[in-house]
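A short reminder: the numbers here are calculations on the coordinates, not readings from a lab. As the structure is a prediction and not an experimental result, all values here were calculated from the model. Note that we place each Cβ from the backbone using ideal geometry, even for glycine, and neighbour counts take in every protein chain shown.
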């Protein structure tokens, strides 16, 4: 007997969107035995094969988590990933999230934050709260002359700073992994994870290396786990996720080079020799 569609959808969301692969966690979230999870997983795999053929990380990005159809496409005009079957918008601006560190300007200060700005990181209600707390709002309100909606739109226009869509997706995936592995509250870990993702994105862009946002996020998550001494979790994660070891090696080499450079900066003479040999 095939599992209900709602169960297949829940497993897809847990396994491929949130990155949960531990069978015990999956069984708890779905509300069934671990053996039943394996049976549901087989049914989901067969469904995905019918939709995309060979199941890979890249092809899974075509699957809509709402209807499980391979109809997801990127709308460049709206800068959104949308399902052409059910109309579900898969990626939008980030919701207000107090678990990440904020500065006094209400802009996100964590490098794991994406679309980092007042307008891009606060949802409508949170944005209104920020505006209403300002001294100017109190003065205008007393005089009966205030339009919070208009002021909200003005602030969004003046303060939004859009990240490249691919980088936003990588940062979002990295944060989803942080939540899935119960590291959401570790602000220092998340900040470093965000810096690693941005560094990896820059490396891939400068070198023209093909990459997927999942590959960048998962590689950087593994690197950050090792940097924070979480070796046991890193080994478990390494077995479950797709890691780009070429990118990982470049990130490690760059970090090592920068650390050595800070300890003993090369003299101009050494740099001249290096330049002569390089070119």
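Separation between the residue 54 and residue 206 pseudo-spin-labels, each 7 Å from Cα along Cα→Cβ, expressed in nm?
Here the modelled spin labels are 3.2 nm apart.
What order, most packed first, do the peptides 236-243, 193-200, 60-67 have when packing is the mean number of other Cβ atoms within 10 Å of each residue?
Answer by packing, highest mean first, reads 193-200, 60-67, 236-243.
Residue 187 to residue 2: FRET efficiency via 1/(1 + (r/R0)^6), r the Cβ-Cβ distance, R0 41 Å, to the nearest 0.05? Write out the running numbers ahead of the final one.
On the way: r = 43 Å, r/R0 = 1.06.
In this case the efficiency is close to 0.40.
Starting from 0.36 nm per residue, how many nanometres of slack lie between residue 231 and residue 22 once their C-alpha separation is accounted for?
Full extension of this stretch gives 73.5 nm more.
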